Number of protein chains: 4
Amino acid sequence: MPRVTEAYLAERREHILSSAATCFAREGFHRTSMRDVIAEAGLSPGAVYHYFRGKHDIIAAISLDAVTAVGGAVRASVGRGQSLPELVAGLPTAIEALDRADDRTRLAVQAWGEALRDPALGAALREGVDGVLDALRERVDLAREAGEVSADVDPHAVARVALGIVQGFILQRAWDPEVTAADYGRGASAVVGGLLAP
Amino acid sequence: MPRVTEAYLAERREHILSSAATCFAREGFHRTSMRDVIAEAGLSPGAVYHYFRGKHDIIAAISLDAVTAVGGAVRASVGRGQSLPELVAGLPTAIEALDRADDRTRLAVQAWGEALRDPALGAALREGVDGVLDALRERVDLAREAGEVSADVDPHAVARVALGIVQGFILQRAWDPEVTAADYGRGASAVVGGLLAP
Amino acid sequence: MPRVTEAYLAERREHILSSAATCFAREGFHRTSMRDVIAEAGLSPGAVYHYFRGKHDIIAAISLDAVTAVGGAVRASVGRGQSLPELVAGLPTAIEALDRADDRTRLAVQAWGEALRDPALGAALREGVDGVLDALRERVDLAREAGEVSADVDPHAVARVALGIVQGFILQRAWDPEVTAADYGRGASAVVGGLLAP
Amino acid sequence: MPRVTEAYLAERREHILSSAATCFAREGFHRTSMRDVIAEAGLSPGAVYHYFRGKHDIIAAISLDAVTAVGGAVRASVGRGQSLPELVAGLPTAIEALDRADDRTRLAVQAWGEALRDPALGAALREGVDGVLDALRERVDLAREAGEVSADVDPHAVARVALGIVQGFILQRAWDPEVTAADYGRGASAVVGGLLAP
DNA sequence: AATGAATGAGCCTTCATTCAT
DNA sequence: AATGAATGAAGGCTCATTCAT
């Protein structure tokens, strides 16, 4: 019989992660020391190291979470059966909604850089991105089959561009909170749906 | 009077920066120590600190350079008098051309994260981005006035989205070198120019 | 729970201080590196920094201790109910007794200079000195009331001079160990008690 | 024929010393870097090192100057043919007069500590002190022969105490500028001349 | 005589992490 | 499960000083 419930352990782990996220969003991965994380969590070094193998693991977990959350938001939007311009218009809002308590999108920008240096994280992150790209590509395929989109576009490339539009929003909003989802979404929808005069 | 020429000083500074860029591209800003930079430059600590106030300043200079180079490539493309889809199609190639010697686009991704934590860098970077956004917006304005684009689009928002498309390319290519400028450019051009069947 | 006893912590702190004092007496505050202190203490850097915020704090603690010890010796002598000449004659011996293990009086001379540059240390030290001056002044007051001393002397000024005599001994003995407490004390007693022929 | 006059060289040397003294009085010997001294002097490193072998030499020169100045003031007072109490009463004022532009007495306190660590400086300083002690002792001898002072005092010891009184003034005044020469001198004169009621 | 770029040893300190309790 | 004292490598940087010009 375990001394403590599994739920307790999971909750503890989560608590540490969210404390770390707070620190990381405030100061960045590398300007945050384990001392900071430990203090923010109100624990002792030993306790934190009981749940994580090291700082590295915490960064990886948080990075993955941030990127996964973005991916999840995109995939959820894709599944909503809207027209392509509607879909694209709504993505920024879906992203914005992620930043409930923590600055998940700011963490995502940092995670992007981290993934460049950490092969394991890079692979994990790439996997998530591939899933999102697949979802977007399938949606474009459908649109093409439905004649909604001209036959000679490359769904792979279009999916990448659509993802790029989302990534650009995340980045620009991280730099400047005045970049709103509504404006950016309108622009995106215009680009995708009717930029060229008929 | 051993006062060396100003050109010599500038060249030395540049040498240090490019040595640092090599290190940073290889290991990231924070896994690179000043020792690494100093060794790569083949100098002594004192010499490096003669030209830069600290690691921070070197990171900032390189970050700014990377982001400025991206901005310059975009602005140069904008000034080339192409149609909007042509312009957008060509941007990834222009970006790709930046990575001649150093991995300037990889550095850019790191710089993005850095700018989130360093207010001074953030401000400088934002200024550069604003210039690029202005150039793109003006181009869209022109297209609108020429009837090339429907009148009810918001040029500001469209400029941001166009920039986002470029940023997305930088990021996706940094993660996966197989993402080619040609493919992404084709996708971008399709999105902007004729995604919707007529 | 590895929480060690408070006594253990205090002892550790004291051990570091005495190691530092050894180094400082040997080489001076500024020619002693933290490496020296750490090696002398037989600890790791982290351990030392666990107990002190930095070299500065160690210097301050040792300086304060040295000056406080001197003050304590003076106050103890004052409380011994001797005649003024007896008291003054005994002070050098009391001071000399401080240098049992460490060279506390040599440290005091260094502390004097340090207090000139470190406002916090200066204030602390001044406070200690004021206490000693008070004690001396009270003693002089008593002597005056007892008619032991002429009525028109300023007890404050006399107290300062008495302290000065002690400080001069500390300094001269630090430079030249041949200056003995016995000789100096005899001189001091003569000055105070019967310099002028009757 | 020398390129520059000897006077020019001496003046330059003096200029560097006074710049250094300014820095040292402001920040202490060890918190002052050669950069500081060089900047204060408005010269280049090479120029300063042309006149001094190193920081060490500058510290030694300034320390010696400060201590010598004190010694000179005492000896000048001794030669003035006053009664012993008058002499002692006047010493603090003579000391105070030294602090024209620079804080020579503050530098002296630092020099005391320095002499403890630097054998060469210690020897030089001790020599100066011995001269002062000799002068004081001779004065006491004279007083003894004149019957001004009781025959059984030890002139050596009394001279040391007299010097100690001066050193105490220097120290106490360095810590607290409110300690005035007038007050301290009055106290000293009282101690020496008539502390004990008749 | 003077310049100032360059040197490189060494400084103080922090950090992620461990392990006896 | 949790504590926190301890580790020790490594970090960024400063410093007194030199020497080609």
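Assigned by TED's automatic domain parsing to the domain that holds residue A:146, under 26 Å from residue A:162 (Cα atoms) and within 15 Å of DNA strand E (Cβ to nearest atom): does that describe residue A:121? So residue A:121 fits the description; yes. Among the criteria (1) within 8 Å of DNA strand F (Cβ to nearest atom); (2) surrounded by fewer than 18 Cβ atoms within 10 Å (Cβ to Cβ); (3) not small (Gly, Ala, Ser), the one residue C:5 does not fulfil is (1).
I need the full set of residues from the range A:53-88 which are over 30 Å from residue A:33 (Cβ atoms) and small (Gly, Ala, Ser), in order please.
Here is the first cut: in the range A:53-88, the residues over 30 Å from residue A:33 (Cβ atoms) are A:72-88.
Matches in the range A:53-88: A:72, A:73, A:76, A:77, A:79, A:81, A:83.
Of all residues in the range C:72-88, those satisfying the criterion of being of a type in the set (Gly, Ala, Ser) and open to solvent by 10 Å² or more (accessible area, probe 1.4 Å) are C:72, C:73, C:76, C:79, C:81, C:83. The set of residues in the range A:41-50 being more than 24 Å from the chain's Cα centre (by Cα) and either open to solvent by less than 50 Å² (accessible area, probe 1.4 Å) or within 9 Å of DNA strand E (Cβ to nearest atom) (or both) consists of A:43, A:44, A:45, A:46, A:47, A:48, A:49, A:50. Among the residues that make up the range C:15-31, is at least one of them within 14 Å of chain D (Cβ to nearest Cβ) and within 14 Å of DNA strand F (Cβ to nearest atom)? Yes: one or more hits.
Has the range D:142-160 got at least one residue that is touching a Gly at 6+ places or on another chain (Cβ under 7 Å), of a type in the set (S, T, N, Q) and modelled with pLDDT under 95? Even if it seems obvious, please write down each step before you answer.
Here is the first cut: in the range D:142-160, the ones touching a Gly at 6+ places or on another chain (Cβ under 7 Å) are D:150, D:154, D:157-158, D:160.
With the extra rule that they be of a type in the set (S, T, N, Q), the set shrinks to D:150.
Now drop any that are not modelled with pLDDT under 95, which leaves D:150.
Yes - at least one qualifying residue is present in the range D:142-160.
Do you know which residues across the range A:89-113 are open to solvent by 10 Å² or more (accessible area, probe 1.4 Å), more than 8 Å from every other protein chain (Cβ to nearest Cβ) and more than 18 Å from residue A:162 (Cα to Cα)? Scanning the range A:89-113 gives A:97, A:98, A:99, A:100, A:101, A:102, A:103, A:104. Taking the criterion of being closer than 17 Å to residue C:82 by Cβ and out of contact with any strand residue (DSSP E or B) (no Cβ under 7 Å at 6 or more places or on another chain), the residues of the range C:130-146 that qualify are C:132, C:135, C:136, C:137, C:138, C:139, C:141, C:142, C:144, C:145, C:146.
Being over 23 Å from residue C:28 (Cβ atoms) and open to solvent by less than 80 Å² (accessible area, probe 1.4 Å) is the requirement here; does residue D:64 meet it? When the stated conditions are applied, residue D:64 does not pass them. Taking the conditions exactly as written (small (Gly, Ala, Ser), free of Cβ contacts under 8 Å to residues at least 40 places away in the same chain and either at negative phi or more than 12 Å from DNA strand F (Cβ to nearest atom) (or both)), does residue A:54 satisfy them or not? The answer is yes for residue A:54.
Of the residues A:124, A:159, the single one that is open to solvent by less than 10 Å² (accessible area, probe 1.4 Å) and in contact with a Leu (Cβ under 6 Å, 6 or more places away or on another chain) is A:159.
Here residue D:18 fits the description: under 20 Å from the mean Cα position of the chain (by Cα) and of a type in the set (Gly, Ala, Ser).
Selection of the range C:92-108 for residues being of a type in the set (Gly, Ala, Ser) and within 18 Å of residue C:15 (Cα to Cα) yields only C:101. Screening residue B:64 against (1) more than 9 Å from DNA strand E (Cβ to nearest atom); (2) over 24 Å from residue B:96 (Cα atoms); (3) within 24 Å of the chain's Cα centre (by Cα) leaves a single unmet condition, (2). Residue count for the range C:51-61 satisfying the condition of being near DNA strand E (Cβ under 7 Å from one of its atoms) and under 23 Å from residue D:112 (Cα atoms): 2. Only residues that are within 12 Å of residue D:110 (Cβ to Cβ) and surrounded by fewer than 20 Cβ atoms within 10 Å (Cβ to Cβ) were counted in the range D:9-27, giving 2.
Taking the condition away from DNA strand F (no atom under 16 Å from the Cβ) and not assigned by TED's automatic domain parsing to the domain that holds residue B:98, does residue B:83 pass? Give the derivation first.
Working: away from DNA strand F (no atom under 16 Å from the Cβ): yes; not assigned by TED's automatic domain parsing to the domain that holds residue B:98: no.
Criteria not met by residue B:83.
Which of the helices (runs of 4 or more DSSP H) found entirely inside the range B:116-198 contain at least 1 residues meeting this: at the interface with chain A (Cβ under 8 Å from one of its Cβ atoms) and more than 30 Å from residue A:146 (Cβ to Cβ)?
Numbers: elements: B:119-145, B:155-175, B:181-194.
Where helices (runs of 4 or more DSSP H) fall fully within the range B:116-198 and carry at least 1 residues being at the interface with chain A (Cβ under 8 Å from one of its Cβ atoms) and more than 30 Å from residue A:146 (Cβ to Cβ), they are B:119-145, B:155-175.
Among the residues of the range A:147-166, those identified as under 18 Å from the mean Cα position of the chain (by Cα) and touching a residue at least 12 places away in the same chain (Cβ under 8 Å) are A:159, A:160, A:162, A:163, A:165, A:166. Considering the range A:1-72, the qualifying helices (runs of 4 or more DSSP H), each wholly inside and each with 3 or more residues that are at pLDDT 95 or above and among the polar types (S, T, N, Q), run over A:6-27.
The values are calculated or read from the model by the stated rules, or taken from the named source; none is laboratory data. This one's a predicted model, so the numbers in the text were calculated from it and none came from an experiment. Positions of Cβ are generated from backbone atoms using ideal geometry, with glycine treated the same way; all protein chains shown enter the neighbour counts. What goes into the accessible areas is simple: the full protein's heavy atoms, side chains included, and nothing from ligands, DNA or RNA. Shrake-Rupley method; radii C 1.70, N 1.55, O 1.52, S 1.80 Å.
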